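Enquirer: The structure follows.
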Amino acid sequence: MMLSLTKEERYRILGIKSDIVHTIDELLYISRWLSSEKVTKLDLLFKGPFYNFEAIQYHSRYDNIVPCLILIETVEGGRFGGFTNQTWKGENEYKKDNTAFLFSLDFLEKYPIDPNCCRQAILAKTQYFFAFGKGDLIIYDHCNKYFCKSEFPVSYKCLNNNVNPKFRLTRYKEQFIVKDIEVFLVSFHLKSFK
């Protein structure tokens, strides 16, 4: 049974201002996915509802800020996201990133970029918030009103061989409406051993 916490208690206990990450386990998984060698700090840069889910609001402020972690929650309750070391600056430009990955908070699974597809890790396009791979995850402008889509797995891999990977990322939905987007600047710090 999970203890129900207020938003302020969740922020204080988890150490990040997120309405999408609900448990310490989820935060630990995200930290492990980001780096096993370094301590990670996540600073909230952007929250979709504060900017009316307008992609231009994100791109005009944060296109050059890297690395970033993106969290998404759908109106159906699906929670997932992605990570890249690449900037989102560009117009219809695929970018290479062999460190990029997608993930599901619902299944606590990480989906790495296929090494054969790392040249198309992300697609920078101002009409989109974010596009990972060749259709694995596309978040459109005004995603709270218009359907976004996922054709996962295309450029990213599901490593769980015990399940059908189709739509595993987005909780078995090909199209979805976004309830919330959070974008975090990721800072890595070397662990100190004493």
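Enquirer: Can you tell me which residues in the range 87-146 are among the small types (Gly, Ala, Ser) and either in a helix (DSSP H, G or I) or at negative phi (or both)?
Expert: Applying the first criterion (among the small types (Gly, Ala, Ser)) to the range 87-146 yields 90, 100, 104, 121, 124, 131, 133, 135.
Scanning the range 87-146 gives 100, 104, 121, 124, 131.
Enquirer: Quick check: anything in the range 35-55 touching a helix residue (DSSP H, G or I) at 6+ places or on another chain (Cβ under 9 Å), buried (at least 17 other Cβ atoms within 10 Å of the Cβ), at pLDDT below 95 and farther than 24 Å from residue 179 by Cα?
Expert: Looking through the range 35-55, at least one residue is touching a helix residue (DSSP H, G or I) at 6+ places or on another chain (Cβ under 9 Å), buried (at least 17 other Cβ atoms within 10 Å of the Cβ), at pLDDT below 95 and farther than 24 Å from residue 179 by Cα.
Enquirer: Right, another one. Please work out if residue 109 is of a type outside the set (Val, Ile, Thr), in contact (Cβ under 8 Å) with a residue 12 or more places away in the chain, open to solvent by less than 40 Å² (accessible area, probe 1.4 Å) and closer than 21 Å to residue 147 by Cα. Before the answer, list the steps.
Expert: Details: of a type outside the set (Val, Ile, Thr): yes; in contact (Cβ under 8 Å) with a residue 12 or more places away in the chain: yes; open to solvent by less than 40 Å² (accessible area, probe 1.4 Å): yes; closer than 21 Å to residue 147 by Cα: no.
So residue 109 fails the test.
Enquirer: So for the range 128-138 (the condition being under 18 Å from residue 26 (Cβ atoms) and among the aliphatic types (A, V, I, L, M)), does at least one residue qualify?
Expert: Taking the range 128-138 and keeping what is under 18 Å from residue 26 (Cβ atoms), we get none.
Among the residues of the range 128-138, not one is under 18 Å from residue 26 (Cβ atoms) and among the aliphatic types (A, V, I, L, M), which makes the answer no.
Enquirer: Further question: Could you list all residues from the range 17-31 that are crowded, with 18+ Cβ neighbours inside 10 Å and more than 13 Å from residue 104 (Cα to Cα)?
Expert: Within the range 17-31, 18 is the sole residue that qualifies.
Enquirer: Let me ask something else. Return the only residue of 179, 145, 96, 110 being of a type in the set (Lys, Arg), in contact with a strand residue (DSSP E or B) (Cβ under 8 Å, 6 or more places away or on another chain) and farther than 17 Å from residue 33 by Cα. I'd like the intermediate steps shown before the answer.
Expert: On the way: 145 fails: in contact with a strand residue (DSSP E or B) (Cβ under 8 Å, 6 or more places away or on another chain); 96 fails: in contact with a strand residue (DSSP E or B) (Cβ under 8 Å, 6 or more places away or on another chain); 110 fails: farther than 17 Å from residue 33 by Cα.
Checking each option against the conditions leaves just 179.
Enquirer: Consider the range 58-91. How many of its residues are among the β-branched types (Val, Ile, Thr) and open to solvent by 20 Å² or more (accessible area, probe 1.4 Å)?
Expert: Here the count works out to 4.
Enquirer: Right, another one. Taking into account only those residues within the range 147-194 that are among the β-branched types (Val, Ile, Thr) and in a loop (DSSP other than H, G, I, E, B), which is most open to solvent (accessible area, probe 1.4 Å)?
Expert: Going through the range 147-194, the residues among the β-branched types (Val, Ile, Thr) turn out to be 154, 163, 170, 177-178, 181, 183, 186.
Remaining after also requiring in a loop (DSSP other than H, G, I, E, B): 154, 163, 170, 177.
Working: 154: 68, 163: 43, 170: 5, 177: 27 Å².
Residue satisfying both the conditions and the ranking: 154.
Enquirer: Does residue 131 count as free of Cβ contacts under 8 Å to residues at least 12 places away in the same chain and either buried (at least 20 other Cβ atoms within 10 Å of the Cβ) or under 24 Å from residue 47 (Cα atoms) (or both)? I'd like the intermediate steps shown before the answer.
Expert: Details: free of Cβ contacts under 8 Å to residues at least 12 places away in the same chain: yes; either buried (at least 20 other Cβ atoms within 10 Å of the Cβ) or under 24 Å from residue 47 (Cα atoms) (or both): yes.
Yes, satisfied.
Enquirer: Moving on to the next point. Identify all residues within the range 112-124 that are within 23 Å of residue 54 (Cα to Cα) and surrounded by fewer than 19 Cβ atoms within 10 Å (Cβ to Cβ); write none if there are none.
Expert: None - no residue of the range 112-124 is within 23 Å of residue 54 (Cα to Cα) and surrounded by fewer than 19 Cβ atoms within 10 Å (Cβ to Cβ), so the list stays empty.
Enquirer: Turning to a different aspect of this structure: Just for the range 38-71: of the residues that are part of a strand (DSSP E or B) and among the β-branched types (Val, Ile, Thr), which one is nearest to residue 92 (Cα to Cα)?
Expert: Of the residues in the range 38-71, the ones part of a strand (DSSP E or B) are 38-47, 68-71.
Narrowing the set further to residues that are among the β-branched types (Val, Ile, Thr) leaves 39-40, 70.
On the way: 39: 34, 40: 31, 70: 20 Å.
Applying the filter and picking the extreme gives 70.
The values are calculated or read from the model by the stated rules, or taken from the named source; none is laboratory data. Keep in mind it's a predicted model, so treat the numbers as computed, not measured. Here Cβ is always computed from backbone atoms with ideal geometry, including for glycine, and neighbour counts include all displayed protein chains. The accessibility values were calculated without ligands, DNA or RNA, using every heavy atom of the protein model including side chains. Shrake-Rupley method; radii C 1.70, N 1.55, O 1.52, S 1.80 Å.
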